[in-house]
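So the structure is just underneath, and the comments pick up after that.
The values are calculated or read from the model by the stated rules, or taken from the named source; none is laboratory data. Everything numeric here is computed off the predicted structure, so don't read it as measured data. Cβ: placed from backbone, ideal geometry, glycine included. Neighbour counts: every protein chain shown. We work out accessible area using only protein heavy atoms, side chains counted, and drop any ligands, DNA or RNA first. Shrake-Rupley method; radii C 1.70, N 1.55, O 1.52, S 1.80 Å.
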Amino acid sequence: MIIRKSTAEIEKMANAGRIVADTIARLHDHIRPGVTTGELDEAAEEYIRSQGGTSSFKGYLGYPAAICTSPNDMVVHGIPNGRTVSEGDILSVDVGVVLDGFVADSAYTFAVGEIAADAERLLEGCQAALAAGIAQCRAGNRLSDVSHAIQVATEEAGFSVVRSLVGHGIGRAMHEDPQIPNYGPPGRGPELQPGMTFAIEPMINAGAPDVYLHDDEWSISTIDGSLSAHFEHTVAVTDEGPKILTVTPNPAETVLLP
Ligand code: MF3
Ligand code: CO
C-alpha cells in the first residue's frame, strides 16, 4: 500500500531533507585526497545530530554507520572505514535522516579532485537519469513511467542500469511501498497521486549491469570492475508537479541539485 502524505507531513519530510542536503553539501567540502571514509561518516553524524536529527541508516538491519560511502566500482552500501580516498576517485555518498518522525534520503557521487573524462560522463549521465525520473513524478502518470525515463536516459548516455536495486516509497519509514525499479516499460503500475513520496535513485554502471555482494553482507560492487554512480533525491508528487524535498535553502549550494 502506498501511503500518501498530507502537506504538513511533506513539510516535515522537507525539514529532514534540508538536513540531508546540508550534510551532503558539507561532505562536499570535506572530500579531498587523504580523507578517510570513516572521517566523512563522523563529520556527517555530528552535523546531523547538531541539527536535531538522527541517521536513518545507523542500526537499520544492523547497519553500523551513519552514512554509506561507496568508491569507484562499488555501487552502494559501502561501510565507512579507515581507507582514504585518492585523487581521481569517484565516491558515492548516501545519507538518510529522521527528524520529527519523518525520513528523507539522498545520495550524491562526488569526484575526488580531477577525474577521468569517462568518469565525468558517468556522473553526468546518472544525474540526467535522476532528473528524467523526477520529471515523471506527476499525478496521473504511472509508476513505471519513472522507471522507464531513468532507463532511457541512462542507456542514451551509454551506461547500464543496475537491475537488482530499486528506489522506494519513503515517509515515516525509510522504505515504504512501492519499489521503484530503474528500468522497464512505461505505463504500468499504480497511478501517481498527490501526496505520494518517493526516493528516486538510479544506480548506473559504466560497464555491465551485474553486481555482487561483498563478504561484509552490505557493500555491493560491479562484477566487471567498472565504475558505478548513484544519485538520489526524495521527491513528493504534488498538485504543482514534482517537489524535491532533499534540497538546501542555501543558493550557494544549488550546484548539488540535478
Ligand atoms: N539509502 C539506502 C536506500 O535507499 C539505504 C541504505 S542501507 C542502510 O535503500 F543500511 F545503510 F541504511
Ligand atoms: Co534510498
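Some points to look at:
- Pairing each residue of the stretch 96-123 that is open to solvent by 30 Å² or more (accessible area, probe 1.4 Å) with any residue that is within 16 Å of ligand 2 (Cβ to nearest atom) and basic (Lys, Arg), provided the two are 6+ apart or on different chains, yields C-beta distances under 7 Å for 101/172.
- Of all residues in the stretch 43-52 being surrounded by fewer than 16 Cβ atoms within 10 Å (Cβ to Cβ) and free of Cβ contacts under 8 Å to residues at least 40 places away in the same chain, the one that is nearest to residue 81 (Cα to Cα): 46
- Residues located in the stretch 172-200, provided they are crowded, with 21+ Cβ neighbours inside 10 Å and touching a Phe, Trp or Tyr at 6+ places or on another chain (Cβ under 7 Å): 180
- Some residue of the stretch 153-164 being open to solvent by less than 30 Å² (accessible area, probe 1.4 Å), within 16 Å of ligand 2 (Cβ to nearest atom) and in a helix (DSSP H, G or I): no
- Residue match in the stretch 131-151 (condition: open to solvent by 50 Å² or more (accessible area, probe 1.4 Å), more than 15 Å from ligand 2 (Cβ to nearest atom), part of a loop (DSSP other than H, G, I, E, B) and hydrophobic (A, V, I, L, M, F, W, C)): yes
- Listed by position, the strands (runs of 3 or more DSSP E) contained in the stretch 29-127 that have at least 3 residues being in contact with a Gly (Cβ under 8 Å, 6 or more places away or on another chain) and among the aliphatic types (A, V, I, L, M) are 90-99.
- Boolean, residue 79 is away from ligand 1 (no atom under 16 Å from the Cβ) and either at pLDDT 95 or above or out of contact with any Asp or Glu (no Cβ under 8 Å at 6 or more places or on another chain) (or both): no
- Test for residue 235: is it within 16 Å of ligand 2 (Cβ to nearest atom), closer than 30 Å to residue 62 by Cβ and free of Cβ contacts under 8 Å to residues at least 40 places away in the same chain: no
- The stretch 126-141 residues that are in contact (Cβ under 8 Å) with a residue 12 or more places away in the chain, paired with ones that are acidic (Asp, Glu) and surrounded by 20 or more Cβ atoms within 10 Å (Cβ to Cβ) (beta carbon under 8 Å, 6 or more apart): 130/201; 130/232; 136/145
- Residue tally, condition open to solvent by 50 Å² or more (accessible area, probe 1.4 Å) and more than 16 Å from ligand 1 (Cβ to nearest atom), over the stretch 207-226: 5
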